[in-house]
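What follows is a short report on a single structure.
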Amino acid sequence: MKGIRDHHPELAGRIPALPKITGFRDRLAHDYDEIDPEIVWLAIIDDLSPLETSIQGLMDELEPQKDQNNNSESPSPTPFDDDGFDENAKGW
């Protein structure tokens, strides 16, 4: 997410709560011994699906631009299954 903010600030400004997302990631990565697992779980349950929807909307908007550039790569699948959580994802 920080890469998006640094390289595509106009796009980053359209991602809801980007500073909270990057701050949460930083806490998980650096203060992992002080993390309350219940807070992490609540973030997964409450926030991940709406974030995925927002990001998918932005990706859908960018697809026509990709087609105009004659780049016909098919979109990558999301790392989420129907319930928004992939227990086979690395790190879970």
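The values are calculated or read from the model by the stated rules, or taken from the named source; none is laboratory data. Keep in mind the model is a prediction, meaning the values are calculated, not measured. In this analysis, Cβ positions are derived from the backbone assuming ideal geometry, glycine residues included, and neighbour counts consider all displayed protein chains. The accessibility values were calculated without ligands, DNA or RNA, using every heavy atom of the protein model including side chains. Shrake-Rupley method; radii C 1.70, N 1.55, O 1.52, S 1.80 Å.
Within segment 13-44, the set of residues being over 12 Å from residue 1 (Cβ atoms) and open to solvent by less than 60 Å² (accessible area, probe 1.4 Å) comprises 29, 31, 35, 40, 43, 44. Pairs linking a residue in segment 13-32 that is assigned to a loop (DSSP other than H, G, I, E, B) to a residue that is surrounded by 13 or more Cβ atoms within 10 Å (Cβ to Cβ) and of a type in the set (Ser, Thr, Tyr), with Cβ atoms under 7 Å and 6 or more positions apart or on different chains, are 15/54; 16/54.
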